[in-house]
Amino acid sequence: MSEVAARETSPRVEGAAPDTATSASATSAVRQALAHPADPRLVHRAIDTMRALGEQAYSGDYAAYDRFQRILFDLQHGTPQGDHWLRQYLASSVYDIERARMPLPNDDGSRSPDSLWRQQMWRQQEELSPLRHPMFRLLFDGDPSYDQVVTYLRQQWLILQFFWLQFVELAGQMERVGASIRDLIPLYENVWDELGEGDPEASHVVQHQRRQERLGISVATRQIPDFPETMDYINTRTRLMREAEPFGALGAIFSQEATAQSYGDRHFDMLAGVGIERRYGQVYAEHTSVDVEHADEVLHLAKRHIEHRRHQQAVLDGHRAQMTIWLAHMDRVVPLLDGSAPPPLTVPELWGRDHGRLAGQCSSPVRRPL
């Protein structure tokens, strides 16, 4: 049975309206298409209903957004059952709808100075810094309890479980814009670091898993996140890695590296503060020391292959999209930590205001036609 089918009767997100007919139709259509991959009528019906659900979701219907992200997450990250190719095909059929959430860069044919573009990337990172979010202010500047820290780490694992694989996927996509093996060495070195430089015991993935196991948190892979915003964050990152032009993906990777270097030590201190052995926080301390270099290497890789202003803007927009959705995910986690009222259930907005346009570009993003 497809995971989409298995979750059709799963509990809804608290506060969301019941599934609409479009949501139920899309769930059923995708299930039938996966069960009968040789039937083009069922595949086309699944695509049509998914697209209708996506358009409904991004018109502001949170229940449709919830269901749409769950279906897309299952297609991209569920356990394949000999149908990987069809899952990827169905997911890619709605990428243009996902893409329409982001600004359409206005390309005047000339690049902005690299120094200006780089400064804007770091300025945008500071503007969207998660360290100012109530979740991290509670965890890093407050006096969190052991249970609060464990709750946070469980939510973090749902994002971390897919992290290192997407560096590999991005490296493959970079070949589409002419990247050489020499160009891609920094990405592969990053993966090498994540995997412990050949020592499984030093792998960051294994270190995270051991900490989670020590705290009684499941480390099963392909776990289903609790919130659609979390799925949206992972789904958007995955889509960006698979786009024909991977500049938005470089912005997403930059967001991860730049953020990790800014709060690695804070994680280390947070764990020690609730009595968790210091060795379980060492992986965070390591990120503090290496990820400034990694973030700059991502910008350097992008700079080598940027030909137009729209490429520069795509990196900025990929970065902003990831950070914006991640902050929306944090909004949902805060009530789990402090018992506060859940935030209003609204679809994260990625393009409705000035998104840090480069000098000379339009200040109002243009919505892409579907």
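Residues in the range 197-237 that are of a type in the set (A, V, I, L, M) and assigned to a helix (DSSP H, G or I): Ala202, Val205, Val206, Met231, Ile234.
Are any residues in the range 169-196 more than 15 Å from Leu301 (Cβ to Cβ), assigned to a helix (DSSP H, G or I) and of a type in the set (A, V, I, L, M, F, W, C), and if so, which ones? Within the range 169-196, just Trp192 meets the criteria. Just to verify a result, which residue in the range 136-165, among those that are within 24 Å of Trp192 (Cα to Cα) and not in a helix (DSSP H, G or I), is farthest from the chain's Cα centre (by Cα)? The selected residue is Gln161.
For the range 102-125, the tally of residues that are modelled with pLDDT under 90 and under 23 Å from Leu350 (Cβ atoms) stands at 8.
Please state which one of Gly198, Gly216 is assigned by TED's automatic domain parsing to the domain that holds Arg278 and under 21 Å from Tyr284 (Cβ atoms). Steps first, answer last, please.
Numbers: Gly198 fails: under 21 Å from Tyr284 (Cβ atoms).
Gly216 is the lone residue from the list that is assigned by TED's automatic domain parsing to the domain that holds Arg278 and under 21 Å from Tyr284 (Cβ atoms).
Just one of the numbered conditions (1) closer than 24 Å to Gly248 by Cβ; (2) among the hydrophobic types (A, V, I, L, M, F, W, C); (3) surrounded by fewer than 21 Cβ atoms within 10 Å (Cβ to Cβ) is not true of Leu53: (3). Screening Ser115 on (1) over 23 Å from the mean Cα position of the chain (by Cα); (2) within 22 Å of Arg320 (Cα to Cα); (3) not in a helix (DSSP H, G or I) shows it passes everything except condition (3).
Gln32 meets each of the listed conditions (1) in a helix (DSSP H, G or I); (2) out of contact with any Lys or Arg (no Cβ under 9 Å at 6 or more places or on another chain); (3) surrounded by fewer than 21 Cβ atoms within 10 Å (Cβ to Cβ) apart from (2). Annotation: Gly275 fulfils all but one of (1) crowded, with 17+ Cβ neighbours inside 10 Å; (2) on the phi > 0 side of the Ramachandran plot; the unmet one is (1). Look at (1) in contact with a His (Cβ under 8 Å, 6 or more places away or on another chain); (2) over 25 Å from Pro225 (Cβ atoms) and you find that Phe162 fails only one, number (2).
Of everything listed in (1) crowded, with 17+ Cβ neighbours inside 10 Å; (2) charged (D, E, K, R); (3) assigned to a helix (DSSP H, G or I), the single unmet condition for Arg101 is (3). The set of residues in the range 75-96 that are at pLDDT below 95, buried (at least 17 other Cβ atoms within 10 Å of the Cβ) and either assigned by TED's automatic domain parsing to the domain that holds Thr221 or assigned to a helix (DSSP H, G or I) (or both) comprises Gln76, His77.
Just wondering, is there one or more residues in the range 298-315 that are out of contact with any Phe, Trp or Tyr (no Cβ under 6 Å at 6 or more places or on another chain), farther than 17 Å from Leu116 by Cα and in contact (Cβ under 8 Å) with a residue 40 or more places away in the chain? Give the steps one after another, and end with the answer.
If we filter the range 298-315 for residues that are out of contact with any Phe, Trp or Tyr (no Cβ under 6 Å at 6 or more places or on another chain), which is where we start, we get 299-310, 313.
The next check asks that each one be farther than 17 Å from Leu116 by Cα; those that pass are none.
Taking every residue of the range 298-315 in turn, none turns out to be out of contact with any Phe, Trp or Tyr (no Cβ under 6 Å at 6 or more places or on another chain), farther than 17 Å from Leu116 by Cα and in contact (Cβ under 8 Å) with a residue 40 or more places away in the chain.
Can you confirm whether His329 is surrounded by 22 or more Cβ atoms within 10 Å (Cβ to Cβ) and modelled with pLDDT of 95 or more? So His329 passes the test. Taking (1) out of contact with any Leu (no Cβ under 9 Å at 6 or more places or on another chain); (2) modelled with pLDDT under 95; (3) not assigned by TED's automatic domain parsing to the domain that holds Ile159 in turn, Arg45 satisfies each apart from (2). When the test is whether a residue is charged (D, E, K, R) and out of contact with any helix residue (DSSP H, G or I) (no Cβ under 9 Å at 6 or more places or on another chain), Arg214 does not pass it.
The values are calculated or read from the model by the stated rules, or taken from the named source; none is laboratory data. As the structure is a computational prediction, the values presented were derived from the model and not from experiment. Positions of Cβ are backbone-derived with ideal geometry, glycine not excepted, and every protein chain shown enters the neighbour counts.
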